[in-house]
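> Have a look at this one.
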Amino acid sequence: MISSTVARSYSRSTLIDALFARAFAARKVVLRRIAEWQERVAGRRELMTLTDRELHDIGITRSEAEAEASKPFWQP
């Protein structure tokens, strides 16, 4: 939020532009985070489709894959 002292030093249109710019930046951050979560979910789903041989090739066990896949989407 912009303080009243700072707000008084801006013209009305400049203040609105600044608020829109902050809102747009915040929106970008939120959308990036959602995309990150979607990629994480997709990766964990794909992990569970791999065979034991494929898991061995990437260096993890079935139990490690299951542990990773069971994590909530927000947890890295």
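> Show the residue pairs meeting these rules: Cβ distance below 7 Å; 6+ apart or different chains; first residue within segment 28-48 and more than 20 Å from ILE60 (Cα to Cα); second residue surrounded by 11 or more Cβ atoms within 10 Å (Cβ to Cβ).
Short answer, once both residue conditions are applied: TRP37/PHE73.
> Looking at ARG53, ARG33, which is the one that is of a type outside the set (Ser, Thr, Tyr), out of contact with any Cys (no Cβ under 7 Å at 6 or more places or on another chain), assigned to a helix (DSSP H, G or I) and surrounded by 10 or more Cβ atoms within 10 Å (Cβ to Cβ)?
ARG33
> LEU50 - would you say it is among the aliphatic types (A, V, I, L, M), at pLDDT below 95 and touching a helix residue (DSSP H, G or I) at 6+ places or on another chain (Cβ under 9 Å)?
no
> A further question on this structure: Any idea which of (1) over 11 Å from the mean Cα position of the chain (by Cα); (2) not in a helix (DSSP H, G or I) is the one PHE73 doesn't satisfy?
(1)
The values are calculated or read from the model by the stated rules, or taken from the named source; none is laboratory data. Every value quoted in this text rests on a predicted model; they were computed, and no experiment measured them. Reconstructed Cβ throughout: ideal geometry from the backbone, glycine too, with neighbour counts over all protein chains shown.
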